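A.B. asks: Sending over a structure as structure tokens; questions will come in a sec.
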Amino acid sequence: MEEFHKTRRLPPYVFEQVNRLKAKARAAGADIIDLGMGNPDLPTPQHIVEKLTETVQNPRTHRYSASKGIPGLRKAQAAYYGRRFGVKLDPDSQVVATLGSKEGFANMAQAITAPGDVVLAPNPSYPIHTFGFLMAGAAIRAIPAEPGPDVFHALERAVIHSVPKPIAIILCYPANPTAYCADLDFYRDIVAFARKHEIFILSDLAYSEIYFTDTPPPSVLQVPGAMDVTAEFTSLSKTFSMPGWRMGFAVGNERLIAALARVKSYLDYGAFTPIQVAAAAALNGPDDCIVETRAIYKKRRDVVIDSFSRAGWEIPAPDASMFIWAPIPEKFRSLGSLEFSKLLLEKAEVAVAPGIGFGEYGDDFVRIGLVENEQRLRQAARNIRRFLETADETLQNVVPLGASR
């Protein structure tokens, strides 16, 4: 069967191969410890659930809602940016509510992209950062994911050699999947570059509140002049453990926000009003739940780093996000991330996300999600230890363990 034009531009969804094997193993009775999907397992704070329950009792809230978000929600997001980042936003012209940051990115791509446009995106990176623009007809040019001088070398080359000139630079810090973090000095240089070359910045800040150092991740909008060229996307999914609620935001440059709001007005009526009211309660409420969530993820990170190290898998500790970007053990690296992920699933009953799913430069890594409790994470480490200790005997005729790339 011939594929349609837009789906033909999309590569096979790598994660689906692991998901099929995971489902098959579970159907056969295997106890799979799933660290593959970034699906928060913590409950949504009670005061947010109670606000949803209260609001849904009013039949008027069951009607169509506002595509760009109800006024109270947009005001709450503007107030959050003022408290957290010292950034002043007009809730009417510089804030739009989205159905999660993923939908916001995808519809921004539809709003600003013409066929053949060039977009600069990190590699490896969260898939929507590239696929959203591919579906809109753009061409993607890769830049390094780690913030530093190499990013600017790549940006300069892209401006010189790309025809047409790039329209946008995608940023994501704390990064998914790599957990890299950027500071304000890096953002200042990016903003100066974007303004000089009249290129938009689209920043994904979904993990702004999941950090483990004394320095909270900044927003690029804190940089003077950033508002001229930048739209930034945030989400309540991780901050308030609300992934299934599908609530996020785009904020920043009025032209970009207006374009997104216009496209969305043709496509949706916004999230269910009680969800928007509860989301406003989350943003306006106490931050004790955020502090508690952050502490839980930090403990889980420490458990993985310690227990996996004891199991024989040395992994660097990330400073932020709910993910660990783990280099594949040397003896398995020649397999690539997809085959190694399949091996872990079959031999250790642990599911991880293969790095190749985030771009070709991620193929020496897997992403581990901190989405199980500490006991289950330690169990995963025990399973992996048994696998690593017996691999030389059990896999020698199947996998060339001594091989290297």
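The values are calculated or read from the model by the stated rules, or taken from the named source; none is laboratory data. All values derive from a computational prediction rather than experimental measurement. With ideal geometry, Cβ positions are generated from the backbone for all residues, glycine too; neighbour counts draw on all protein chains shown. SASA here: full protein model, heavy atoms, side chains in, ligands and nucleic acids out. Shrake-Rupley method; radii C 1.70, N 1.55, O 1.52, S 1.80 Å.
A.B. asks: So which residues in the stretch 190-224 are acidic (D, E), open to solvent by 20 Å² or more (accessible area, probe 1.4 Å) and closer than 24 Å to P318 by Cα, if there are any at all?
C.D. replies: Once the filter is applied, which keeps residues that are acidic (D, E), open to solvent by 20 Å² or more (accessible area, probe 1.4 Å) and closer than 24 Å to P318 by Cα, the stretch 190-224 yields only D214.
A.B. asks: Another one. Of (1) in contact (Cβ under 8 Å) with a residue 12 or more places away in the chain; (2) out of contact with any Leu (no Cβ under 9 Å at 6 or more places or on another chain), P122 satisfies all except one. Which?
C.D. replies: Of (1) in contact (Cβ under 8 Å) with a residue 12 or more places away in the chain; (2) out of contact with any Leu (no Cβ under 9 Å at 6 or more places or on another chain), only one is false for P122: (2).
A.B. asks: Restricting the stretch 132-160 to residues that are open to solvent by 50 Å² or more (accessible area, probe 1.4 Å) and assigned to a helix (DSSP H, G or I), which is modelled with the lowest pLDDT?
C.D. replies: Looking at residues that are open to solvent by 50 Å² or more (accessible area, probe 1.4 Å) and assigned to a helix (DSSP H, G or I), I get M135.
A.B. asks: To continue, here is another question. Condition first: farther than 22 Å from H197 by Cβ and either of a type in the set (D, E) or open to solvent by 10 Å² or more (accessible area, probe 1.4 Å) (or both). Now tell me which residues in the stretch 98-120 satisfy that.
C.D. replies: Those that are farther than 22 Å from H197 by Cβ and either of a type in the set (D, E) or open to solvent by 10 Å² or more (accessible area, probe 1.4 Å) (or both): L99, S101, K102, E103, A106, N107, Q110.
A.B. asks: Might you let me know whether the stretch 313-328 holds any residue that is in a helix (DSSP H, G or I) and not aromatic (F, W, Y)?
C.D. replies: No, the stretch 313-328 contains no residue that is in a helix (DSSP H, G or I) and not aromatic (F, W, Y).
A.B. asks: Which helices (runs of 4 or more DSSP H) does the stretch 1-93 wholly contain that include 1 or more residues that are under 20 Å from the mean Cα position of the chain (by Cα), under 30 Å from Y187 (Cβ atoms) and in contact (Cβ under 8 Å) with a residue 12 or more places away in the chain?
C.D. replies: 71-85
A.B. asks: Hey, among F233, F186, which residue is among the aromatic types (F, W, Y), under 29 Å from P164 (Cα atoms) and in contact with a Ser or Thr (Cβ under 8 Å, 6 or more places away or on another chain)?
C.D. replies: F233
A.B. asks: Return the pair list, or none, for Cβ contacts closer than 8 Å from residues in the stretch 351-367 that are closer than 13 Å to G336 by Cβ to residues that are open to solvent by 50 Å² or more (accessible area, probe 1.4 Å) and β-branched (V, I, T), at least 6 apart or on different chains.
C.D. replies: Hits for this filter: G362/I356; D363/I356.
A.B. asks: Here are the criteria: (1) closer than 20 Å to D90 by Cα; (2) among the small types (G, A, S); (3) surrounded by fewer than 17 Cβ atoms within 10 Å (Cβ to Cβ). Tell me which single one S309 does not satisfy.
C.D. replies: In the conditions (1) closer than 20 Å to D90 by Cα; (2) among the small types (G, A, S); (3) surrounded by fewer than 17 Cβ atoms within 10 Å (Cβ to Cβ), S309 misses (1) alone.
A.B. asks: I'm trying to understand the selection: among the residues of the stretch 161-176, which are of a type in the set (S, T, Y) and surrounded by fewer than 17 Cβ atoms within 10 Å (Cβ to Cβ)?
C.D. replies: Passing the criteria: only S162.
A.B. asks: Which of the residues spanning the stretch 325-352 are under 22 Å from Y13 (Cβ atoms), in contact with a helix residue (DSSP H, G or I) (Cβ under 6 Å, 6 or more places away or on another chain) and buried (at least 20 other Cβ atoms within 10 Å of the Cβ)?
C.D. replies: The answer is I328, S337, F340, S341, L345, V350, A351, V352.
Quick grid of which residues meet (1) touching a residue at least 24 places away in the same chain (Cβ under 8 Å); (2) of a type in the set (V, I, T); (3) in a loop (DSSP other than H, G, I, E, B):
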| residue | (1), (2), (3) |
| --- | --- |
| L256 | yes, no, no |
| L260 | yes, no, no |
| I275 | yes, yes, no |
| E292 | no, no, no |
| F340 | yes, no, no |
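A.B. asks: In addition: Which of the following residues is within 30 Å of T215 (Cα to Cα), open to solvent by 40 Å² or more (accessible area, probe 1.4 Å) and of a type in the set (S, T, N, Q): Q57, Q46?
C.D. replies: From the options Q57, Q46, the qualifying one is Q46.
A.B. asks: Of the residues G38, G104, G72, G116, which single one is small (G, A, S) and on the phi > 0 side of the Ramachandran plot?
C.D. replies: G116
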